[in-house]
1. Conditions: (1) modelled with pLDDT of 90 or more; (2) touching a helix residue (DSSP H, G or I) at 6+ places or on another chain (Cβ under 9 Å). Residue 136 meets all but one. Number of the miss?
2. Restricting to the stretch 102-124, give me the number of residues that are touching a residue at least 24 places away in the same chain (Cβ under 8 Å) and either part of a helix (DSSP H, G or I) or outside the structural domain of residue 194 (by TED's automatic domain parsing) (or both).
3. Kindly list the number of the only condition in (1) touching a strand residue (DSSP E or B) at 6+ places or on another chain (Cβ under 6 Å); (2) within 25 Å of residue 35 (Cβ to Cβ) that fails for residue 129.
4. What's the total number of residues in the stretch 102-126 that are surrounded by fewer than 20 Cβ atoms within 10 Å (Cβ to Cβ) and closer than 14 Å to residue 153 by Cβ?
5. If I ask for residues that are in a loop (DSSP other than H, G, I, E, B) and surrounded by 12 or more Cβ atoms within 10 Å (Cβ to Cβ), which ones from the stretch 21-39 would you list?
6. Output the residues belonging to the stretch 57-92 that are under 40 Å from the mean Cα position of the chain (by Cα) and surrounded by 12 or more Cβ atoms within 10 Å (Cβ to Cβ).
7. Which is at pLDDT below 90 and touching a strand residue (DSSP E or B) at 6+ places or on another chain (Cβ under 7 Å), of 157, 167?
């Protein structure tokens, strides 16, 4: 087990939380994290870019001029890629950019990213992120007191007030432990989780 410091919303230490080594203290291998990140980004690509070849462009059925005797270069169609309005050579076509990556590798990459935040002091555990109202300034003050103004909030016990308050802050994203992704962890400087989310993350990513 590894001990994670517990903070209140004023940024003061309020104890410690025991967490599993296989989730919060995993040695980091950049190659594993990189491959999982590329997999996630590739899976998000729409792959809908498309262009027309010379066979798909409208028109161009008639030979523009006879083959010989004009002094001009030979031409069989006005829809040649060399002509304006012609088809595109080797242009993009709809495709699927996703590829297979073992689930164990994807899970390991997330555990490595979380462990890296923990070892570098960029992971904070709070008892409970609870606001009196849904005003943005309340969430901003809490994060400023914690010293984590660019953060991924993993709050399993987040209510409507917390979700509304966080939704309007540019560098803040609030998710539950069921929706934590590698990209979100890497995209934010800090990771702030509540006590309930620690168990949720362990239940999802721990080695069975």
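The values are calculated or read from the model by the stated rules, or taken from the named source; none is laboratory data. Since the model is a prediction, treat every value here as computed from it, not as a measurement. Cβ coordinates were reconstructed from backbone atoms using ideal geometry, including for glycine residues, and neighbour counts include every protein chain displayed.
1. (1)
2. Pass one, the stretch 102-124, residues touching a residue at least 24 places away in the same chain (Cβ under 8 Å): 105-119, 122-124.
With either part of a helix (DSSP H, G or I) or outside the structural domain of residue 194 (by TED's automatic domain parsing) (or both) added as a condition, the list becomes 105-119.
Qualifying residue count for the region: 15.
3. Condition (2) is where residue 129 drops out.
4. 1
5. Answer for the stretch 21-39, where residues must be in a loop (DSSP other than H, G, I, E, B) and surrounded by 12 or more Cβ atoms within 10 Å (Cβ to Cβ): 25, 26, 28, 29.
6. If the condition is that a residue be under 40 Å from the mean Cα position of the chain (by Cα) and surrounded by 12 or more Cβ atoms within 10 Å (Cβ to Cβ), then 57, 81, 86, 87, 88, 91 are the ones that fit.
7. On the way: 167 fails: touching a strand residue (DSSP E or B) at 6+ places or on another chain (Cβ under 7 Å).
Only one candidate qualifies: 157.
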